[in-house]
Amino acid sequence: MSDDPVTRFHLTYANRPVGRLALLTMDNGEDHTKPNTFGEQALASLSAALDELEPADDVRGLLLTGKPFIFAVGADLKAFTGMDADQAREGGRRGHEAFARLQELPFPTVAAINGACIGGGMEIALHCDYRTLSTGAQVLAFSEVFLSILPAWGGTQLAPRVVGGRNAVETIVTNPLNNNQMMKPAEAFQRGFADRYYDSATFLDDSVAFLERLIAGEETVERAVDPTEGLDEALANARGMADGKTKGATRAPYLALELVEFAARGGDLAEGRVREQDALAELLPARQAQASIYAFELTQQRAKKQPWKPDVPPRDIRKVAVIGAGLMGSQIGVLHLQRLEVPLVMKDIDEQVLGHAREHIEGELDKRVAKGRLSDGKARFLKGLVTYTTSYDEVAGADWVAEAVVERMELKQRLFADLEQVVDEGAILATNTSSLSIAEMTADLARPERVVGFHFFTPVPMMPLVEVIRPDGVADEAMATAFEVAKRLRKTAVQCADAPAFIVNRLMLRFNGEATKALRYGTDFKDIDRAIEGLGLPMGPFILFGLVGLEVAYHTGVALATAFPDRFEVDDNFHLMGTSGLPGVYDWSAGGEVYPEIRDNLVVEEHAPWTGEQIQRAALEAVADEARRMLDDGVVADARDIDTAMLLGAGYPFFNGGICRYLDQTGVSHELFGRPLVTAHDGARD
Amino acid sequence: MTADAYYIDGVRLPIGRARDTGYYAHTRADDLSVRAIRALLERQSSVPPDRIDDVAWAATAQVGDQGLTLGRSLAILAGLGNQVPGYALDRMCAGALTAIVNAGNAIRVGAQDLVLAGGVEHMGGHPMAAEVDPNPRFLSDNLVDTSALVMGSTAENLHDEHPDVTRERCDEFALLSQERTAKAQADGVFASHVVPVTVRSAEGWRLVDVDEHPRPGTTPESLAQLESPFRPGGRVTAGNSAGLNDGAGGVLLASGSAVEEYGLEPTMRLIDYAFVGVEPETMGYGPIPATERLLERTGLSIDDVDVIEMNEAFAVQCVAFLDHFGLPIDTDKVNPYGGAISMGHPLAFSGARLAMQLATYFDRHPDARRGVTTMCIGLGMGAAVLWERA
């Protein structure tokens, strides 16, 4: 078991003119950075409080609340790792039992939702008779489906009764599928999750006063909820979304919808609880939930701690330069400008490109102003911080220089040589190369040790990952600075050695390249895409190539084929697509058919189309082999880094836990290597 | 030409004991003040919060949760609106009293119409004198005696100067304070201005709604047993002195035009006031010359005053005051609901409590016409304020 703090239910009383009030506080004794969670001991503590409350004949009302900034954020995820069906069912039953006792207390109960309220926090609140909500409660959500489980402590059964079926569907299923979107308190109140919405300044005092007025009969609460209103449409929308987002690879959203529908259509509460237990017993031990818990901890906890950041102070950044002001350079530039708010030099050889860069950067700032996220004056100030220039002279004095010119070795070599002439001795230099060798790029420099790789994914503002490349012999300060910049840009940094195409592109190319080979055997493009999507992945290779850009994918493919000719191959068909000059494989303006230029020139060696299973198998074995090599060769230090990168850089779903975890769970790595790829501490812990 | 400044309403929290098991051991001083301000404006709901012209808030220790220009911080934290200004001020024990007078003056000269004035002192978080650095010249140049900076010692000095004010009489006064507070609590007197508040504790949130300081079981014997911590053989004890406490609260003052515009119901009107300086070593003497000056300025005698709310820093200071004005120790005219000895004395806050209790007295005694609030102040000062029924 974990040594995490246990949430206790503290009971105090106050004798008031309306009678004796009970105040029940959830508090794990830590500050807000360690929120209240519900594990076995927390439920025992709640039961002990209920043991005291149930026989008390003088208590007239109860207020349930949390500790500062936190109400409760639900079940203790760590306890879920490795649970079997019986344990899951028992965990569900225990929660139902304790929460039902709270619900049945013979006096009015108010949940005062003072802070973050997620999952089980929502469920315990729904078991109270009334809810008040603080303007300062940062987030409210049912995140369970995001983790391939579902609210199984009464959430699916009570939410439709309290807020109606449509709101229940949208918050229990739609929001989690939508990148785990959470509600701000105003939205939660508007949806009906609370009866009263009070200012955070005196939230608890106002909530107590509300409880007293309820007891005194001076105030009543009207809730006119028709649980079936808009239900059919909401169910259909959510099913469509689940199909689109998961391709049916996880059962969680579908089971959650069934349960919500059961409750919304008047299903019996006791039976609903049993159904929740059954669903949890099915979902929690399953691969998808276990992988999701792993993925959640990787991305939300481990990666945020930046385990590979050297323990030296990063360079203080008071000026930034971006070399290469094309679209990616502009995106990188405006991100630095917004997050670091320091003078920015955009340098390019082409005045026209610089003009576009200015339009882009100023346009992005104007958009934020239009959305009310940035003041006019601040936007003016930020715009004034940017210099657009064709001269290296202006780059002088920059502490952090990010290079984003086209992927040509000799160009980048010259660029760094030029840079070295103008920047200060302590400046840290970064290349956004996606596939070139940094060692080669910096071989002739006087001070190569201050150059790091800093590989963004496109579109830069949306993609949460940066691969931080650690060339041999790099200075600790340079790496520390790169990690620090990543954090300040609010990107997740994953460390990788200076190896061709780093993590994400290398694995994606190996994986998708293998699937692409099926074209030689007359397999249809769409069958290949469908087979890959069938693994639960967001998109198949040909849609992806179109999104990334055929030429970009091709360049990476060539780089990898040059570096590792034994296993990366730019075959005729890949060559055909990469050099076609087309915007993608499919012509979306023509119903998504394959462009004739590609279709008609395909090289088919033998007409023996691969089955979906063959495609999946080939792709998985290839990517497993590549991941194994990357670990063996020290390209990445830990399989969890690979998974973090695939989750955030390739958009691989949580329910697959990245790629290594998936290969372990499905037995592929065991079959190929006789051992798992993820080995550290049972996977989930650091 | 001056306009009138009216007392509209006042709200305070229950006074807590300044110790780690006290009510507010886990609550910030600024949060306490926010609670009082919001409760006050909720009661006076006809006044739009953003119409408040100023927030004058006192604290003696203006650091940490009592720092950052309290009045302005509170305007923001209480959600009055960013257009509401505020300031912090310090006159030690008379902080809130001074804030109220200043607020009244701003209204009397016509510069402002609605002002919140009050104070806070979290003596648990800010022990007396813990965060000060007295200039060494105080002592090296013989400007004050070493005893001047220790309030209990100044009370002992006052005993030295007033031999008629005996330990026994002081204990008698202290007992009266306890008894009067107990009766006032039983009568629900404080319900007019004390609001409940939820506070963090090691056992979870608690709701507190009565003052923590009073000791209802106090007897002459229990008082007589106490020894003075200030001097061997001294007369000033924990029983006949104010406590060390945490408390916050404030009042709303308004001009005549604001009273009319918002349909407010004023209780009393600020007439005049006096501050005086006295010897720092006997600072408890302060209320006597302050009240004398106030009476002289207004042409009144002590008989013209119906009720006096005096801060009970030390019983010796109160008994000396009573002797000076020829009032018996158990006069109904002074501290009818008890005072700081029984209720506690969170330094800069206490002046606001005096005003609230005076207003409560006016409410409950329709015949009462004039009242005075008066306090002694550290480093040798006295303050007295005259109010008249509105």
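The values are calculated or read from the model by the stated rules, or taken from the named source; none is laboratory data. Everything quoted here is computed from the prediction, not taken from an experiment. Positions of Cβ are generated from backbone atoms using ideal geometry, with glycine treated the same way; all protein chains shown enter the neighbour counts.
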With criteria (1) closer than 16 Å to B:GLY243 by Cβ; (2) over 15 Å from the mean Cα position of the chain (by Cα); (3) among the acidic types (Asp, Glu), B:GLU312 comes up short on (2)
Sole residue being touching a residue at least 60 places away in the same chain (Cβ under 8 Å), in contact with a helix residue (DSSP H, G or I) (Cβ under 9 Å, 6 or more places away or on another chain) and within 24 Å of A:MET508 (Cα to Cα), chosen from A:VAL452, A:VAL460, A:VAL466: A:VAL460
Can you list residue pairs whose Cβ atoms sit under 9 Å apart, with the first residue in the range A:210-236 being on the phi > 0 side of the Ramachandran plot and the second being outside any loop (DSSP other than H, G, I, E, B) and not hydrophobic (A, V, I, L, M, F, W, C)? Count only pairs 6 or more apart in sequence or on different chains. A:GLY230/A:GLY165; A:GLY230/A:ARG166; A:GLY230/A:ASN167
Residues that are aliphatic (A, V, I, L, M), in contact with a Gly (Cβ under 6 Å, 6 or more places away or on another chain) and without any contact (Cβ under 8 Å) to a residue 60 or more places away in the chain: does the range A:95-110 have at least one? no
Checking the conditions here, which among B:GLY71, B:GLY22, B:GLY64, B:GLY16 is surrounded by fewer than 20 Cβ atoms within 10 Å (Cβ to Cβ), closer than 30 Å to B:MET283 by Cα and in contact with a Gly (Cβ under 9 Å, 6 or more places away or on another chain)? B:GLY64
Set B:LEU80, B:LEU97: member being buried (at least 20 other Cβ atoms within 10 Å of the Cβ) and closer than 21 Å to A:ALA201 by Cβ: B:LEU80
When the range A:31-41 is examined, which residues are found to be surrounded by 15 or more Cβ atoms within 10 Å (Cβ to Cβ) and within 14 Å of chain B (Cβ to nearest Cβ)? A:ASN36
May I ask you to list pairs of residues, at least six apart or on different chains, whose Cβ atoms are under 9 Å apart, with the first in the range B:178-205 being at positive phi and within 13 Å of chain A (Cβ to nearest Cβ) and the second being acidic (Asp, Glu) and surrounded by 21 or more Cβ atoms within 10 Å (Cβ to Cβ)? B:GLY204/A:ASP27
Which of (1) within 14 Å of chain A (Cβ to nearest Cβ); (2) crowded, with 24+ Cβ neighbours inside 10 Å is the odd one out, the single condition B:GLY286 does not satisfy? (1)
Determine if the range A:599-615 includes at least one residue that is under 26 Å from the mean Cα position of the chain (by Cα) and part of a helix (DSSP H, G or I). no
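Rundown of residues vs (1) on the phi < 0 side of the Ramachandran plot; (2) assigned by TED's automatic domain parsing to the domain that holds A:GLY92; (3) within 23 Å of the chain's Cα centre (by Cα), yes/no style:
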site	(1), (2), (3)
A:ALA281	yes, yes, no
A:ILE293	yes, no, yes
A:GLN300	yes, no, yes
A:ALA303	yes, no, yes
A:VAL312	yes, no, no
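Yes/no per residue for (1) of a type in the set (A, V, I, L, M, F, W, C); (2) away from chain B (no Cβ under 14 Å); (3) at positive phi:
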| position | (1), (2), (3) |
| --- | --- |
| A:LEU46 | yes, no, no |
| A:LEU62 | yes, no, no |
| A:PHE69 | yes, no, yes |
| A:ASP76 | no, yes, no |
All positions within the range B:32-78 that are touching a Ser or Thr at 6+ places or on another chain (Cβ under 7 Å) and not in a helix (DSSP H, G or I): B:TRP57, B:ALA58
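Each row is one residue, and each column tells you yes or no for (1) assigned to a loop (DSSP other than H, G, I, E, B); (2) in contact with a Gly (Cβ under 6 Å, 6 or more places away or on another chain); (3) within 25 Å of B:LEU139 (Cα to Cα).
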residue	(1), (2), (3)
B:SER257	no, no, no
B:LEU264	yes, no, no
B:ARG269	no, no, no
B:ASP272	no, no, no
B:VAL276	no, yes, yes
B:MET283	no, yes, yes
B:GLU292	no, no, no
B:GLU296	no, no, no
B:LEU300	yes, no, no
Which residues, counting only those in the range B:338-363, are surrounded by fewer than 24 Cβ atoms within 10 Å (Cβ to Cβ) and in contact with a helix residue (DSSP H, G or I) (Cβ under 7 Å, 6 or more places away or on another chain)? B:THR360, B:ASP363
Please work out if B:VAL251 is surrounded by 23 or more Cβ atoms within 10 Å (Cβ to Cβ) and under 30 Å from B:ARG370 (Cα atoms). yes
Over the range A:651-686, the set of residues farther than 19 Å from A:LEU147 by Cβ, modelled with pLDDT of 95 or more and of a type in the set (A, V, I, L, M, F, W, C) is A:LEU663, A:VAL668, A:LEU672, A:PHE673, A:LEU677
Heads up, the helices (runs of 4 or more DSSP H) in the range A:383-490 (entirely inside) with at least 3 residues that are surrounded by fewer than 22 Cβ atoms within 10 Å (Cβ to Cβ) are A:409-422, A:476-488
If you take the residues in the range A:168-213 that are of a type in the set (Gly, Ala, Ser), closer than 25 Å to A:GLY230 by Cα and surrounded by fewer than 23 Cβ atoms within 10 Å (Cβ to Cβ), which one is farthest from the other protein chains (Cβ to nearest Cβ)? A:GLY192
Can you tell which of A:GLU364, A:GLU359, A:GLU351 is over 25 Å from A:LEU419 (Cα atoms), surrounded by fewer than 14 Cβ atoms within 10 Å (Cβ to Cβ) and of a type in the set (Asp, Glu)? A:GLU359
Filter the strands (runs of 3 or more DSSP E) completely within the range A:105-162 down to those with at least 2 residues that are in contact with a Cys (Cβ under 9 Å, 6 or more places away or on another chain) and in the same structural domain as A:GLY92 (by TED's automatic domain parsing). A:109-113
Hey, could you check the range B:206-245 for residues that are assigned to a loop (DSSP other than H, G, I, E, B) and within 14 Å of chain A (Cβ to nearest Cβ) and say which is farthest from B:SER342 (Cα to Cα)? B:ASP209
The listed residue being in contact (Cβ under 8 Å) with a residue 60 or more places away in the chain and buried (at least 19 other Cβ atoms within 10 Å of the Cβ), out of A:GLU276, A:GLU282: A:GLU276
